[in-house]
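Worksheet: the structure to be examined is printed underneath.
Each value in this text was obtained by applying a stated rule to the coordinates, not by laboratory testing. Bear in mind the structure is a predicted one, so any value in this text is a computation, not a measurement. When we count neighbours, we look across all protein chains shown, and the Cβ atoms used for this are built from the backbone with ideal geometry, even at glycine.
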Amino acid sequence: MTQMGNFAIQLDGATKYGTCTSRNLGTVHSISHWLKFGSAGGGSDINRVAVNGHYQVAQAGGAYGCYYQATSGVYAKVTTGAFTLGVWYHLAVVRDGTSVKFYINGAQVGTTQTLGSNTAFYLSQIHASWAFGIVDYDELKVWSAALSDAEVLADYAAGLGVYGQPGGNLVGGWHFDEGTGSTAADYSGEGRTFTLIGSPAWTAGKVQQPAAGHPYYQQLLSDNRRGRF
């Protein structure tokens, strides 16, 4: 059985990143993950993190923000406060048709945004992009549903010791707790293992695995035996 540890994966976007089989998420979906910026990149765009180049957290033109690009030139964004290096943040984006909401640490940031295009979104990569800042990733999840405010908050709480999984319709889930090797398993059942390019470092993770006796522990063991973790 695979070791259950508490790890994260460190990416830089230049030579260290992850790829998986492309997945069409359509126009209704949610994405969440924990991240920690380890260093800033250079140039005008720094600390940019992306899933397939579309959902990003960045500093662009001196302003920090969350960005969601539906198609070339069509995107939603909100500005945020600066992200502190070395601090873990929980980030989420929820898309429901042309409506997009951004969340930091369980709370919505800014107002609900409207996309000018209803183009489908594809998941295929994780990386720190453009100016190649160093980023630690933990607990990436993707749903084929629009999470409610309460479900996003529950997902954030999972990283504070209340380990669990909000909502249904999970189509991608990566603990990044392997701690070694060049792959990260998908425990959602869809089998989209991330291939880790460039030998990214395994670092200390944000989210602890549940202890024996916790209701979620048995589910985790079951996923492990089925090769999902």
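Values computed for the structure shown
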quantity: Proximal charge balance of Thr203 [Cβ under 15 Å; K/R count +1, D/E count -1]; calculated: -3
quantity: Separation in nanometres of the label points that stand 7 Å from Cα toward Cβ, at Ala204 and Asn105; calculated: 1.9 nm
